[in-house]
Structure formats: structure tokens, C-alpha cells
1. Just a yes or no: is a residue in the range 3-25 surrounded by 12 or more Cβ atoms within 10 Å (Cβ to Cβ), touching a helix residue (DSSP H, G or I) at 6+ places or on another chain (Cβ under 6 Å), modelled with pLDDT under 85 and not hydrophobic (A, V, I, L, M, F, W, C)?
2. Exactly one of these conditions fails for residue 920: (1) at pLDDT below 80; (2) under 60 Å from the mean Cα position of the chain (by Cα); (3) of a type in the set (Asp, Glu). Give me its number.
3. Just give me the residues in the range 285-311 being modelled with pLDDT under 75, in a helix (DSSP H, G or I) and out of contact with any strand residue (DSSP E or B) (no Cβ under 9 Å at 6 or more places or on another chain), in sequence order.
4. Scan 907, 947 and give me the residue that is in the same structural domain as residue 855 (by TED's automatic domain parsing), surrounded by 18 or more Cβ atoms within 10 Å (Cβ to Cβ) and modelled with pLDDT under 85.
5. For residue 43, are the conditions met, namely being outside the structural domain of residue 201 (by TED's automatic domain parsing), farther than 27 Å from residue 276 by Cβ and assigned to a helix (DSSP H, G or I)?
6. Looking at the range 688-708, which of the residues that are at negative phi and surrounded by fewer than 11 Cβ atoms within 10 Å (Cβ to Cβ) is modelled with the lowest pLDDT?
7. Would you tally the residues in the range 501-518 being outside any strand (DSSP E or B) and within 18 Å of residue 577 (Cα to Cα)?
8. Could you run through the range 681-699 and say how many residues are closer than 12 Å to residue 729 by Cβ and either within 58 Å of the chain's Cα centre (by Cα) or not assigned by TED's automatic domain parsing to the domain that holds residue 740 (or both)?
Amino acid sequence: MIGDWVPDMGLLASKLKLLLILSATTALVVVGVLNLRDRLRQKPIPYDGISWVDTADGVKAQSVSEDSPLVLALRPGDYVRGFLYHGKYELVKQAENVSLYLDRVKVGGDARYTVYHSDPALQNILRISEPVYDVDFKVTSAPKHIGRDLYLALIGLVYLIIGLFVLFKQKRAALTYHFFAWFLASFAAYFLNATTEFTRLDKTVDFLDFAATAMLAPLFLHFCIRFSTNRKLFRGIRGMSLLLYAPAFILIVLKALWHYHPRTFGRGALIAVGDALEISELTQYSLFFVAGGVLLLRSFIRAKSPALKQQLKWIVWGLSLSGLPFVVLYFIPYVSNMEVTPLMESLAYGPLILIPLSFGYSIIRFRLMDVDVIVRQSFVHVMATIAVGAIYMAVLLGVGDLVKFIWATADLNSWTTRAVVVGGMLLVAMLFAPIKNRLQFYADRWFYGERYTLRMGLQDFGRTLSQTTALPHLLDSLVRRLGDMLSISKIVVLIEDPSAPSGFRITRAAGLEGDVYLPEGLRRLLRVHSIGRGYVAIDDLDVDSRNSSSGDDGPDDNPIADSTPQSSREIYYYFPCIVRDKMVAVIGLGRTGSGALLSSEDVDLVRTLSGYVAVAIDNSLLYRSEMEKADELARLKEFSENIIESVSVGILVVDMSAEITTWNTALEQIFGISREQAVGRLIGDVVSFDLIETIQSAMGTGGWDAREVRQIYKYSALTDDGRPRVLNLVIAPFEAARGVVTGTLIVIENVTERAQLEQQLLEREKLSSIGLLAAGVAHEVNTPLAGISSYAQMLLQQVSDRDPNHLLLEKIHMQTVRASGIVNNLLNFSRMGDAQFREVDINRVLDDTLQLLEPQLRSSDIQIRRINGEDLPLAWANASKLQQVFMNLILNARDAMPVGGTLSIHTGALDGSLVLDFKDSGMGIAPENIARIYDPFFTTKEVGRGTGLGLALSYGIIQEHGGRIFVESKPGEGAHFTIKLPTAMSRQMQVASD
């Protein structure tokens, strides 16, 4: 929300500072461009080649240049008294009158000076106190020095570009602004130079040039003090900055007064003050420059960091090669009023460009260790040139007479002469490369010593790596070879690991004393910073992490040394190993044994090797991946075969040519044929023709390309030894990859025992029906039989033994007794025997019951959903009676779902009891019938479909087991029966307590 936004004042201040600096830089560049334009367009300036100064005796010639038109008529020390203009003599009172006179005469005009010659010898000869004579000459134009001005402007641009580069690259470092101020002042000092026309722009340019040069000296010295170890020397001195900049401020104030309030110094002293300011400024610059160079040299000597030492080496060399010629060839002659010739000026100004270049080269930190490489290569080129020259001179001396004869008699324009010249040039060109290469060979061999052979065998080693697939051996060889080749002891190899926060894991490390920290997102950092170089230094990672943080650097940070590695950092270089645009590994290298960094040759060698390493590691990883996949496939195959061998059903796979490809152990038990005898043979040679005909009839095709799943139930077959088997078969298409049918899968289940159990169930159902019938008949017949027997006994008591009816009554009584016995036998048949209780697994009893009822449930299109509780305690029960209860409940559920449905059976334990739930999706029970469902002979089924004794019998059995049975039902929502039975443990505890 806008109301919650709080500006970051530090960030705003930093941006405002940067904006002001860039604005001032832009304004300074605009002024410099306008000034350079004016200098290039400046008209010729009248020039007499003499430097005139005001003295008490008049206007005196301080120096006479060699290009002056009066070089033969005047010499230093002569005075000009007047000049002729339009036929009239005018007296010269000040030096500026000469310039005005020349401006009026213009370039090419005729001028005349009245000169006083101060030579005492001439005065004695002529016996004149003041020998005065007229000198006529042509006014020439002053040299413009366009080449020098453009060269100085180029140096200024180099300063500006390097300063802007550092400013934008490391603007968070506090010393960066100091560094940029120094380079911006250098730009102004080198780029700006006022013309002699002295317009308003020239006056501004002259002041800015003076101010920049004055500030340049303290800025440079202050930078050298703050740089690296020199800060400690002046930490205790208060007001050091004020003392350093005070002379510059004083000179700038005096220059401003000289420009804008010249009356402050008086008209006669104005030129002298101006000259004094120029000399003072140049003196300050030279002294501060030498002091700064001494401090940098001290830092170079005391530096412990290899990177800092190499940076300072470039800076010290740059300052030495540029500063010494300037001081010797320009500063000392200028201060001593000696003439500075054009050659001296060129030699003094030429090396000045080395100052910004050396600083820029060291700041970029690119190829810092190449000083030795450059010296070695330069030495080789010089020696090769000398050798070729020596050979050429030897050839000339050896055939000198012949050459002289040819040259004297030959036509210089003939093709023969030209051919000789071209041939000599080609000879020199052809000799140079072989000689240089041979000298380079000897120089490298001397420089690298024993490591030269290792470095030259790099490509062979790379090819050897590319052919290695064993990753551990590859990494060991790589670490050992790199250490020997580069004299490096600290090496680490990182392998890609997507699960690691950095994206890599350390697989090999040598010479490390501590752990290597891998920052998060290392892959991104390496890709960003290695573009164009092929490697990343630890400095780049540190600078990136600092730039991504919110805090500023410390006040002592500087653009050169702020990222110098500390001694605790063991790995300095990271070389990405990339193959097919994929970074598979990273080679990490420390410094050499002497603590130095790698040269560009070393870096190029490792970059070349990293390509071979990337291919080798990628091949090793691919090989390992393929081996892991092969092992996984082998494990999966073994796992699949174990599953096939472990299942209790037979698995038979037949390909399109009717050949058996799979034959598991279950099939061996079913058919009595081993796997070795079956696999690879035609199915017709292994199983009976009748079975094949039945299978193909079910598939509807004459081949073995099943298209859909088919089932065959209770197929009767005979084994080889004549034993009967009842089989269930499932026929399905055998699909390979991408759904291509390659054969037929046949699942064969041996249900012989189940069929026998089903037959026993049918017999039991018959007997149960008979028992129920007998019980019903017995209950109905017992009552009249009891009456008949009673009446017969009463009649027997009323008649005598001799009564003819007595015999009939006895027969009636005997028949009633006989009928009663028959009824009792029927009752005994219908009743179950004495219950024998033991520990029973409820889930096992339920499984057996469902197995017995499977045929009836299958024909009713009813799905059974089982949820068996795990680790259930055992029940103290009679398994057969519980089986009868379960059977009654399941059959009632089946009858309640005539069009099919779902029966959910759940077993579990709750509060020390076993709980069984039977929930169907049938028609449900009417509320008025729920109270009567346990009554004998109560049924809602059609006549002949039930006796009404099933739930009554079940209720009695549950009561006999000490359990309880509940029912919940609504019409149309099915019925839910719940049975609770005591566990064997609770029953034993109850018996023990009793």
C-alpha cells in the first residue's frame, strides 16, 4: 500500500550522489568538446618565437625558440624598446604590448622591433651605453601542436572511460567515488587547454584546467594513502585530508582571483603571479606524484596477497615508466627555465597513457599474472628478430660481392631485381616463424622445467580422459595431473547434483585444510561470470554477493583491493566443465605452491582441459546411469519373476507363433510339467487339445492374438497322471511397449478344492433343508401323537386284558411310541451337536464363508467389499456355528439385492470386543418388521424361499457365544447388522474371575 511505503533514505542519497556526479561529468565533457572544437578551428596566431617578460629595465627576451624568425638577430637577455607600425614608432612598456602589436600586424605582415642589445663587449666596442638597432622580420604563425593536443585528449578519454567503468561496476564501495574523482580530474587536466583567443569559454577552460590539475595531486596522494596497508601510517594524524588538499585549495583561490579580480595583484605583477601559479601547481603535482609512487611501491613490497601484489606490480610499472620521463624531460627543464624541445616534449608526454592503462588493467583483474608471460614472449620475439637479422647479415657478408655485382649491373625496375628483393623478404618471413617457435620452445622448457612435458602432453591426457568410463579413476587422474602440471596442491572437483542447494557436490578434494563453502545458486553465478572468460574467480562471487546485499561496503573498500582473496580462501578459480550446453562439473583450483595466481597460459590450459573433462565426466555419468538402469531392469525383471513365481495362480504367456514364453511354478503344480519342459515349446505339445480348443473358442479367433479379456469358469481337465482338475481361466491380450499386442496371457487358477467345498456346501444346504423340514414336521406331529398316546393309554386302563379291544389299543400305543421316536429322531437331526469352543480367527472364518458362497454371489452380480482389521485378537467360539451365522446374514443380504449391489463387511476391535459389520445396499427392512425378524418362522420372502428360522437360529448362536447382534435399516437404504463377540482373552479372564 502507498501509505505503508517508506523510502530508503540511504538508497535515495546514493542515487542523488550518482546523479550529481554524472551531471558534473556531462557538463565537463561538453565544455571539453567545445574547447577541442575551438582549438581545431583556431585561426593562425601571430608569433615571433620569443618569450617576453616584464623586468625593471623593460621588456626582456627570456628565451628564443629555434623556429623564431629572429633566432639570428636576438638572443635571451635583449630588450625590445619599441616597434614600427604604419610608419610610426611606439614604445613598448609591457610584455603584453608585443602580443597586441603582433595581432595588429597579423600573420605574414612585415614587422620591425627596436632592440636594445645588452652585450657589454658590444658596448665597449661601439662606446655606446645603450646599443639600439632595428630588426625587420616577417610575422609567422605559432605552432598549434594538434598532434600533442589530440594525444593528451585521448589520454583524458582513457581516464574518463576507466573511471566510469569502475564507478558503475563498484559504485557501492566508498573509495570508488574517490577513485572516480581522481580520474575525472585527470580527464579535465589532459583534455582541457585554453586557446590564445581567451574568450569567455577559454577563461572558463583555463580555470577548470588549472583547478583540475591542482586537485589531481592531492587526490592521487590521498588515494595512495587509503590504498591497502598505507592507511595505518596516517591513521593517528588528525586533519590529514585538510593538510593534503590545503595547497590545492589555496592555488585554486589565487587562480580565481588572478582570473576574475586581477587588480588584487597589480597590473605589473599579473604575469609574474600567473607564471608563479603555474610553477607552483606543477611542483605540487610532481612532489605528490613521487610521494604517491613511493607509497604504492611500499604497498607492493609489503603486500601478502598474490592478487594484490600483481595489481600493484602493474601500477608501479605503469607509474615508473610514465612518471620518470615526465619529471626528467619536462618538469625539471620547465622549472629550470631550460628549453623543452619537441622531442623532449614527445618523450615526456608519450608514456603518460600508461598510468590509466596500468590502473585499468589491474582493476579489471584480468591476466594479472601475465607479467612473466609478456616478458618471456617479448624476449622471444626480440631474440627471433636478432637471429633473423644476424642470419640476413651473414648471408649478405657471405655473398657480398655477388650482391654488389648484381645491384650494380641490374636494372632496378626489371622483374629480376624485384624477384630478388621479394625472395629475400620471403626468406626473412619464412625464417622468422620457425626460429621464433624454436626459441619459444627453449624458453618455455627453461621456464617450466619438469612441468613442460606434462603441459605438452595435455591433449593426449584429455583424450585419455575422454575414453575413461570409471569415474573414480578419472577424477583421481585429473587431480594428480593438474597438481603436477600447475604446481597446485589445492584442488576440488564438483559434480552436478540437483538435490544440493548449490547444484553441485564435492566428489574429489586434495590439499584442503577446511571445508569448501558452495553458495546457493552456484550454477547461475558460474554461468553469469564465466561468459567470455571460461572461468570464475572467487572475487567475482564475493562481489556478486555484496552487490546482492542491501548494506554498503565499509569505508575502506576500494575498487582494486576490495575483492582481493584472503589467505583463508583455499579455492580461487572455478572452471565450468560444459558439454552440450550443460554444466556437468566444475574444477576448483587454488593458488600455486608459491602463493601466486595462474597466468593466462595456465588458465587457457585448464580451459582446454575442462572441455575434455566435461566429455569424460558426462560419459562416465551416462555410463553409470546406463549401468544403474540395467541393474534396475535386472531387479525389476527378478522382481516380476518372483511375483509370477509367488502367486498361487498359473501364469501362461503364449506368443503370436503359439510358443510358450512364460510358465510359472503354479502351472508346474497344476499340470505336472516343469518349466524347462514347457518354455520354448508349442502350446499344443504341452496341454491338451481340448483345453486349446476351449481357449480359442472363448477368444473367438484361431490364433493367439487376444483382443479383449475372456473368462472360463470350472473347466474340467485331467493331469498327465489322470487326476481331475477344475480350472478357472482368464484370457487377456499380452501387451508390450506402447500397447502393441505380442501374444496372449492366460491366468489359470486351480479351484478343485473350492469346487469340492462348494459341493459340500450344497450337500449341507440339502441336509439343512431336510433338517428344517424335519423340525417343522416334528413340531406339527408331536402334539397329535401325544394326544393319541394318552388316549390309548387311558383306554388300556379301562379295558381288561381279555377284552378283544385291548390288543388293538396296545398296537395303537406302540405305534404312537414308534411315531414319537421317529419325530424325536427328526428333531435330533435338525438340532446341531454340542458346541465345541476354541480360539478362532474371525477373519479366517469369514474368508471360508465367502469362499463357500462365491458361486451364489457371483450369479447375483453382488460386489463384496472387505475391510479386515489388522492384528485382531482371537475369539472364543465355535467356527461352524459362526459360519452358519455369517452365511445366514450374507444370504439374506443377497436376497435383499435381487438386481445386484454391494455388501460391505468390516471386522475390527473395540473396547475389548470383536465387532463385525454387514451392510448391504438392498431394499432394507420395514420399521414394523424390525422387531419381528428374530422370531421363528417369520419371513418376508415368498412362499418356498425361506422358513423364517435363519435369523432366529443366528440370534441363538450369538447369544450362546456371549455376544450381541444389532440391526439398523431404513426402506430403500439397505440393512446394517452389527455383531459383537467377546475375545478369547476376555473370556479367559471372565472364567478366571468366576
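1. Within the range 3-25, not a single residue is surrounded by 12 or more Cβ atoms within 10 Å (Cβ to Cβ), touching a helix residue (DSSP H, G or I) at 6+ places or on another chain (Cβ under 6 Å), modelled with pLDDT under 85 and not hydrophobic (A, V, I, L, M, F, W, C).
2. The number of the failed condition is (1).
3. Restricting attention to the range 285-311, the residues satisfying the condition of being modelled with pLDDT under 75 are 303-311.
Of the ones still in play, those that are also in a helix (DSSP H, G or I) are 306-311.
Hits for the range 285-311 are 308, 309, 310, 311.
4. Numbers: 907 fails: modelled with pLDDT under 85.
Of the residues listed, the single one that is in the same structural domain as residue 855 (by TED's automatic domain parsing), surrounded by 18 or more Cβ atoms within 10 Å (Cβ to Cβ) and modelled with pLDDT under 85 is 947.
5. Details: outside the structural domain of residue 201 (by TED's automatic domain parsing): yes; farther than 27 Å from residue 276 by Cβ: yes; assigned to a helix (DSSP H, G or I): no.
In short, no.
6. Our first condition is that a residue be at negative phi; within the range 688-708, this holds for 688-699, 701-708.
With surrounded by fewer than 11 Cβ atoms within 10 Å (Cβ to Cβ) added as a condition, the list becomes 689, 693, 702, 708.
Details: 689: 81, 693: 83, 702: 69, 708: 84.
Result: 702.
7. Step one: filter the range 501-518 for residues outside any strand (DSSP E or B), giving 501-503, 511-518.
With within 18 Å of residue 577 (Cα to Cα) added as a condition, the list becomes 502-503, 518.
Qualifying residue count, the range 501-518: 3.
8. Selection size over the range 681-699: 1.
The values are calculated or read from the model by the stated rules, or taken from the named source; none is laboratory data. Note that the structure is a prediction, hence the values are computed from the model and not measured. Heads up, the Cβs are rebuilt from the backbone with ideal geometry, glycines too, and the neighbour counts pull from every protein chain shown.
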